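One structure below.
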Amino acid sequence: MAMDAVTIERLIKEGLPDAQVSIEDLRGDGDHYAATVVSGAFRGKSRVQQHQMVYQALRGRMGNELHALALQTSAPED
Amino acid sequence: MDTTTHDRIRQQVTDNSVVLFMKGTPVFPQCGFSATVVQILSHIGVKFKGVDVLADSSVREGIKEFSAWPTIPQLYVKGEFIGGCDIIREMFETGELQQMFEEKGVPVRA
């Protein structure tokens with residue numbers, strides 16, 4: 001089952017309220033996305049931890065309804 | 001996840017320096033993301049053990065819980081979870097991946 005980009009963005013922002021999120025539908029099939037997430041909450045965290053925070057915001061959908069979400073995470077530059 | 005599965009995964013990542021939990025085998029990956037990581041590891045000349053999660057549904061679900069990571073592939077080096085496809089690709093592009101292997105004492109092709 002596919003998920004739309006608006007839902008993905010909403011879930012990420014619910015979990016990480018300050019996040020700047022941009023989502024690209026890579027194949028136009030509603031199933032393969034790339035997301036760039038920038039959030040102050042990522043400061044001092046490893047990449048694995050940053051991605052885990054995004055997955056947590058997606059509440060179990062990653063790997064289920066959401067098949068492919070290429071993630072790029074970073075903290076905002078000062 | 002039952003304790004047997006947990007212990008089995010723990011054993012695999014302890015007994016082998018570099019373990020890739022993947023869909024399919026290193027020779028025949030069954031998923032593009034797994035194939036990407038296999039290509040990167042082969043490219044930098046790191047020997048690894050591939051664990052095909054499609055061959056064992058308890059490991060397929062168990063590894064997600066074990067790593068708190070929802071997707072396959074997953075790379076372990078010296079017992080430590082390094083990341084999935086995106087992170088490995090990003091680390092490879094910046095050179096951090098090769099550096100990490102060297103720091104952990106895993107031989108890479110010069």
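Here are the numbers:
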{"read-out": "Condition broken by B:L75, with the remaining ones in (1) on the phi < 0 side of the Ramachandran plot; (2) modelled with pLDDT of 95 or more; (3) away from chain A (no Cβ under 11 Å) satisfied", "value": "(3)"}
{"read-out": "Qualifying residue in the range B:40-57 (condition: within 11 Å of chain A (Cβ to nearest Cβ), under 19 Å from B:F101 (Cα atoms), at pLDDT 95 or above and surrounded by fewer than 19 Cβ atoms within 10 Å (Cβ to Cβ))", "value": "no"}
{"read-out": "The range B:3-26, residues that are out of contact with any helix residue (DSSP H, G or I) (no Cβ under 9 Å at 6 or more places or on another chain) and either exposed (fewer than 13 other Cβ atoms within 10 Å of the Cβ) or assigned to a helix (DSSP H, G or I) (or both)", "value": "B:T3, B:D7, B:Q11, B:T14, B:D15"}
{"read-out": "Selected residue (criterion: farthest from B:G84 (Cα to Cα)) from residues of the range A:26-78 that are within 12 Å of the chain's Cα centre (by Cα), part of a loop (DSSP other than H, G, I, E, B) and more than 9 Å from chain B (Cβ to nearest Cβ)", "value": "A:S39"}
{"read-out": "Qualifying residue in the range B:13-30 (condition: among the charged types (D, E, K, R) and in contact with a Leu (Cβ under 6 Å, 6 or more places away or on another chain))", "value": "yes"}
{"read-out": "Cross-chain or 6+ apart pairs with Cβ under 9 Å, the range B:97-110 first and without any contact (Cβ under 8 Å) to a residue 12 or more places away in the chain, then assigned to a helix (DSSP H, G or I) and of a type in the set (A, V, I, L, M)", "value": "B:Q99/B:M91"}
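The values are calculated or read from the model by the stated rules, or taken from the named source; none is laboratory data. This one's a predicted model, so the numbers in the text were calculated from it and none came from an experiment. We place every Cβ from the backbone using ideal geometry, glycine too, and count neighbours over all the protein chains shown.
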